[in-house]
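Here the structure comes first, spelled out in structure tokens, and everything after it is commentary.
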Number of protein chains: 2
Amino acid sequence: MHFQRQTISVEEALRRLLAGLTPLQEEQVGIGEAHGRTLARDLAATCDMPPFDRSPLDGFAVRAADTAGATPDRPVRLRVLETVGAGQIPRQTVTAGTAVRIMTGAMMPPGADAVIMFEQTEQPGELLEWVGVKRPLRPGENISRRGEEIAAGTCVAQAGTRINAGTLAVLATFGYAQVPVVRRPRVGLISTGTELLDVDQPLEPGKIRNSNAVMLSALIAEAGGIPVLCGRLPDDLALAKRHMAKCLEEVDLLVTSGGVSVGDFDVMAALADDPDVTLLFNRVAMRPGGPTTALLYRDKLVCALSGNPGACFLGAELFVRPVLRRLQGDREAGLRRIRATLAETYDKPCPYPRYLRGRLTEREGKLYVVPDHNDKAGNLATLGKSECFLIIPAGGRGKQAGETVDVIPHAAPDWRDEA
Amino acid sequence: MHFQRQTISVEEALRRLLAGLTPLQEEQVGIGEAHGRTLARDLAATCDMPPFDRSPLDGFAVRAADTAGATPDRPVRLRVLETVGAGQIPRQTVTAGTAVRIMTGAMMPPGADAVIMFEQTEQPGELLEWVGVKRPLRPGENISRRGEEIAAGTCVAQAGTRINAGTLAVLATFGYAQVPVVRRPRVGLISTGTELLDVDQPLEPGKIRNSNAVMLSALIAEAGGIPVLCGRLPDDLALAKRHMAKCLEEVDLLVTSGGVSVGDFDVMAALADDPDVTLLFNRVAMRPGGPTTALLYRDKLVCALSGNPGACFLGAELFVRPVLRRLQGDREAGLRRIRATLAETYDKPCPYPRYLRGRLTEREGKLYVVPDHNDKAGNLATLGKSECFLIIPAGGRGKQAGETVDVIPHAAPDWRDEA
């Protein structure tokens, strides 16, 4: 047999996949197109934030010294010089016995060293020439100091960061109308399997519709990649190799589904003999998806996932997503493992670690994981609800409810209590 | 004062926002455009899954009765009639003393009632006329039965579900090339504030750049909405009302930022007197963002968020996101509260519940929340890292590390251990 399989762990498989990867090139996009992209460089604050001393509330800018001894019964009366709204520049200087009416976010007038809020003055709703201050202030009270949140030059967003709504607020604040991001990886998708029909084809005896192409396209887009549909692989080995080589010229990475098992019609297996091919691994210690294979064709990565939808989904989350994150410069790309209490017993033994889909939930501050009972690897119905994979160790008799298991989260939990 | 403020809880505010909402109309999109959209209807399995009895592995389809007594030393020899690949239709019937070579996913031939895997036969890699079966099989062993995963007619995806990669696999399997989804809500965005510069403008004294418009656009898109930039609100009240009414004709919902405090220049406050306006609330028991306001202008919702970036972000996550989810038919739209152990002391007292941004982490199966120390409401630097809001109750002296707090998650945790 030309395709000896050596089993390695999920962690080792991922290590081999990520080992040779370097981030793709940098490109500039407008801030309106930057959402979901990955920063190519550390970005610094281009000014202090706030950029000037300002008032954090609606009130009166005063000299704290003037307010000594003020009480609700014996307010200190100050002459109001002007009103400064947000965005305006104060024209007057606050001197002894005077105040400036000031709005939230407005620049502090020179001479003032504290702000008293409207509610702590007499007749707070009125625009009058005099204001009665009802309590004493400390110097510096109620002033947002220039630079107190962020000093100019501070790194405010790091290379490798996925740009979300919050990051965008930071970039906008510092005037990054153009944003340096990493080019999105182009990911070729090939489905193998003579049993596959297109989504819009009527069912035929012995056949099923291709669900992996649309699923993988979505996963790739979620991870920041651009899916490129590269059709089916021809059954003929020479034609298949030529097709793959052609696809690889136009993409950064190729993902196939199907054709990794030990059957007669496995083109992927035959490819391993090609001199242009360096095999990274061809069996992973996991169920489903054990025969998951990865190789380098010349310098480009080919991930060959199982055709079974559940195994394909698992392989894509465990291997393809971290690869795409790393290609976009995410230095921490990888699988995060957490621990959670198993909410329901899973007692089927398995010679390899079993990766069950599941959902996280919380009770009394403890993390629980609810397995999806997808012991049939291909069970489709719960695919859309998966938030994590919980790992049932190899051997033994599964795990009982209440035992602790390792969990690899892959999506935002819904946090619904399913108990 | 024309704008009396009555404080209500976050939960009551959200209840009022969601109370009158009904999902937007249904529309059909191709499955390639359905990712991230929300299902308008329950969808049923259009066929059994698997659609026919099939082999879950590479092996030989046999009659279990023929294998009685088989051992590795004394294998039962059966004549191989043909090979059936995935997608092919068997031409032969398995009769006593015969077998059919069968590939993973291929249709079971008539007459056979079990499958033995290659590895449990003699010379498993070879294509021979005879196969030696090395162990006895039970009837039904290693057959994936028609309909065993999903029976035709079963609901496989529910109305209100956000379509993810897993959902797409299910829809593709059942031939939903066109998908009934809810129309995306169009959300008008208005920034108020004379201090605001555009992102590409150079900084001027007293001014800051508008970070809320780009942040809110991204949040709205994340929640499935279409952001529609509606410019600035004029300072003049009559002009401002006309501008808002005009915007509302073209959107399903209007979100403003800024101009909800008690300052002089608050157009939103003045609007509350308009006969076309029904005020829903104008103060929420939370810090930051207490003056957050919501009203109905004729039948359409206007959410007026604070201009302060941190308060704007909080208001958008607590109120705008659930509104958008509900408008898209998500019946469970709302805020999920979980409990977690505070990882660091936060000891500043506050007269109202304080919503601190933070991140979730896990230690020994327990859920921890790490606060972002963003006691300055406007603190921008950590906006992009926020995964949840942890709630420091009103009064008291804050919360100590190790105490349990309520947490409202809003994004996928990174699960980094920050301890």
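Readers should treat all values here as calculations from the given coordinates under stated rules, not as data from a laboratory. This one's a predicted model, so the numbers in the text were calculated from it and none came from an experiment. Here the Cβ is made from the backbone with ideal geometry for all residues, glycine too, and neighbour counts use every protein chain on show.
Assorted remarks:
- Dividing the summed -39500 (n - 2.57) terms of all DSSP H runs of n ≥ 4 by the residue count of chain B sets its mean residue ellipticity at 222 nm at -4000 deg cm²/dmol.
- Extension gain, B:Leu203 back to B:Arg397 (0.36 nm per residue minus Cα-Cα distance, nm): 65.9 nm
- Once the gyration tensor of the Cα atoms in region A:300-419 is diagonalised, the equivalent ellipsoid follows with semi-axes of 24, 18, 13 Å, ordered largest first.
- Oblate is the label for region A:338-409, because a/c, from the alpha-carbon gyration tensor with a ≥ b ≥ c as root eigenvalues, is 1.5 or above and a/b does not exceed b/c.
- Relative contact order (percent, whole number), chain A, Cα cutoff 8 Å, 6+ residue spacing: 16 percent
- Per-copy distances of the B:Glu11 label point, shortest first, in nm (7 angstrom along Cα→Cβ): 4.3
- Percentage relative contact order, region B:342-419, counting C-alpha pairs under 8 Å, at least six apart: 43 percent
- When chain A is treated as a Gaussian network with alpha carbon springs shorter than 10 Å, the biggest mean-square fluctuation among A:Leu327, A:Leu17, A:Leu81 belongs to A:Leu81.
- Taking B:Thr95, B:Thr46, B:Thr192 as the candidate residues, the one with maximal mean-square fluctuation in a Gaussian network model of chain B, Cα springs under 10 Å, is B:Thr95.
- Straight-distance candidates among the aspartates and glutamates for linking to A:Lys246, with alpha-carbon spacing under 20 Å and chain neighbours fewer than 8 residues away dropped: A:Asp235, A:Asp236, A:Asp266, A:Asp273, A:Asp274, A:Asp276, A:Asp299.
- Remark on chain B: B:Cys47, B:Cys155, B:Cys303, B:Cys312, B:Cys350, B:Cys388 stand apart, with no other cysteine beta carbon under 4.7 Å.
- Once the chain from A:Arg79 to A:Glu12 is taken as fully extended at 0.36 nm per residue, the excess over their C-alpha distance is 16.7 nm.
- Note on chain B: GNM, Cα springs under 10 Å; of B:Val199, B:Val320, B:Val156, the largest mean-square fluctuation is that of B:Val199.
- Rg/Rh, computed from the Cα trace of chain A with Rh as the Kirkwood radius, has the value 1.20.
- Rel. contact order, % - alpha carbon contacts under 8 angstrom, at least six apart, region B:59-133: 42 percent
- Per-residue ³J(HN,Hα) for region A:382-393, Karplus 6.51 cos²θ - 1.76 cosθ + 1.60, θ = phi - 60°, Hz, x for Gly and Pro: 9, 4, x, 9, 5, 10, 6, 10, 9, 10, 8, x
- Shown is the FRET efficiency for B:Leu127 and A:Ala238, computed with R0 = 25 Å from the Cβ-Cβ distance and rounded to the nearest 0.05: 0.75.
- Pairs beyond 30 Å (Cα-Cα), from A:Lys207/A:Lys300; A:Lys366/B:Lys399; A:Lys399/B:Lys385: A:Lys207/A:Lys300; A:Lys399/B:Lys385
- Kirkwood Rh (inverse of mean 1/r, distinct Cα pairs), region B:178-290, angstrom: 15.6 Å
- If you take all other residues with their beta carbon under 10 Å from the beta carbon of B:Gly36, and give Lys and Arg +1 and Asp and Glu -1, the sum is 0.
- Placing unit charges on the Cβ atoms only, positive for Lys and Arg and negative for Asp and Glu, gives region B:338-409 a dipole magnitude near 120 debye about its Cα centre.
- Two-decimal Rg/Rh across region B:59-133, once Rg and the Kirkwood Rh are taken from alpha-carbon atoms: 0.93
- Ordered from longest to shortest, the equivalent ellipsoid semi-axes for region B:84-184 are 39, 14, 13 Å, each the square root of 5 times a Cα gyration tensor eigenvalue.
- Of all chain A residues, the closest to the A-onto-B rotation axis by Cβ, with that distance in whole Å, is A:Ala412, 2.
- Cα-centred dipole magnitude for chain A, charges only on beta-carbon of K, R (+1) and D, E (-1), debye, nearest 20: 580 debye
- Shape of the protein assembly as shown, Cα gyration tensor, a/c cut at 1.5: prolate
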